[in-house]
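For reference, the structure is listed below as C-alpha cells.
Readers should treat all values here as calculations from the given coordinates under stated rules, not as data from a laboratory. Predicted model, so just to flag it, every value in this text is computed and none were measured. Counting neighbours? That spans all protein chains shown, and the Cβs are built from the backbone with ideal geometry, glycine included.
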Amino acid sequence: MSFRELGLHPALLRRCESLGYTSPTPVQKGAIPIILNGGDLIATAETGTGKTAAFLLPILQRLDTDQKKGTTVLILAPTRELANQSDAACRGMAPKHIRSTSIIGGTGYKAQMDALRRKPNILIATPGRLMDYMEQGVVDLRSVDTLVLDEADRMLDMGFLPSIKRIAKMLPTKRQTLLFSATMSNEIDRIAVSLMNDPEYISVSRRGTAAATIDQKAYPVAAHSKMPLLLDLLKTEEFDRVLVFTRTKRGADRVAHILEKWDHRSNRIHGDRSQSQREAALRSFRQGKTNVLVATDVAARGIDIDSVSHVINYDVPEAPEDYVHRIGRTGRAGNVGRAITLLTVAEESNMRAIEKLTGQAVERVLLPDFGGVAQAVTTKKFAPLGGRLARPSRRRR
C-alpha cells in the first residue's frame, strides 16, 4: 500500500517523498484513514514505527483543507524532548501557512507567551507548562477540535492524568481525540471511557512486545562489577551510538562522569538538566560528536535517533514497560539492534517481570572473566575518589 492509497493529497505526498517516506508503516496504514474520517482512535505500536507521522499527516491535510484560524489542534506529550520532536516533525511536513509551536518546561516564558498570542494552528505542549499558561489566562483552547495524547502510557506513569482531565474540560466536547501509546493498560481504557467518543482500536504489536530486530542479552554480574563490565563492553562491542540507562539521575551523573574519565565521548540527559543542556546533549549525540549518552527513563522518550546500535541497561527498570521503551531506542525502522542488561541477583525478579510482560526469555550470558578492564579495576591500580571510579594515576615516578 502507498500513501496515495490512504487518501493523502498530492501536496502531502510530495512532502512524504521529500522526507524519504516511501511506504506507510503498519500503524500509519491503520491510523490515517480513521483520522481522515474524523473518528476517535486508540493506537498502540512499538517505538520507532512512525506514530508521529501517523497522526500529523492527516491532521495537516485537514488543516490545509479547512484553513481555520486560531489553535485547533492540541498535542500533549510527556517530555520536553518528545514535544520538541513532534514540533520539528510538524515544521518539516506542514505547508508554510500552517504554524506550530511547542510550550515546555525548562525554558523562558516570554518567547512562549509571544508564540501563544500569535495563536498557532497546532499547539504542542507538556501538561505541566500548559497548565501554567491556563492558570495565567494566556492560552485559548476554545477552538481546539483535535486533541492528541502522544505516548499516553508515559504520561500516566508520570502522574499527568489529573492534568490531562483538567485540560480536557477546557476543550470543546465536540472534538476528535487521538491516543497513541507504546503499550496498552487498564488506565488507558479508563481514559477512553472518560475522554473519547466510541474510539476505534488499532494495534500493530501486542502489549509489551519488543521489536524482533533487537538481540537481547543479560549479563549476570555483581553490583560492584557493573562499571568494569560496562567499560569492557564499550571496549569490545562494535557500536555506533550507545544509550546507557540508569534508574536515577544521580546514577546517570556518576556513570557519565566515569565514562568521561575513561575518554569516552559521553554526555547525560535527565530531569535535573536544564533544557538547553538536554538539547545540547541530544544534538551532540545525533551528530556523532558524542557516542555514548547516559539517560534516565523520564528523559528518554524524546530520543528518536535511528542509528542507535546498542542500548545498555546499567540498571534494570522497576516498571517492566520501561524496559520495552528503553530497548525500543535501538532496532528501529527494521534495523538490527543490541540490548544488553547488566543483571544483579537483586534485580532478577524485575527481569522475570519483564519476561512475563514481553513473553520473551532474555538469554543470560555468563562471563567468568570479562576482560582486562575488570581485572584492572579490582587491583590497586584504581582508587575510588568520592565514591567514583577514577583512572589510574599518571604521575611520573
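What is the extension gain from Ser274 to Leu366, computed as 0.36 nm multiplied by their sequence separation minus the C-alpha to C-alpha distance, in nm to one decimal?
Here the segment from Ser274 to Leu366 would lengthen by 29.2 nm.
Starting from the amide H of Asp215, placed 1.01 Å from N in the peptide plane, find each other amide H under 5 Å away whose residue is 5 or more places distant or on another chain.
HN-HN under 5 Å from Asp215: Gly337, Arg338, Ala339.
Can you work out D for the stretch 4-203 in µm² s⁻¹ from Stokes-Einstein, where Rh is the Kirkwood radius over C-alpha pairs, the temperature is 37 °C and the viscosity is 0.692 mPa s?
Result for D is 195 µm²/s.
Once R0 is set to 51 Å, what does the formula 1/(1 + (r/R0)^6) return for the Cβ-Cβ distance between Glu237 and Tyr109, expressed as a FRET efficiency to the nearest 0.05?
0.70
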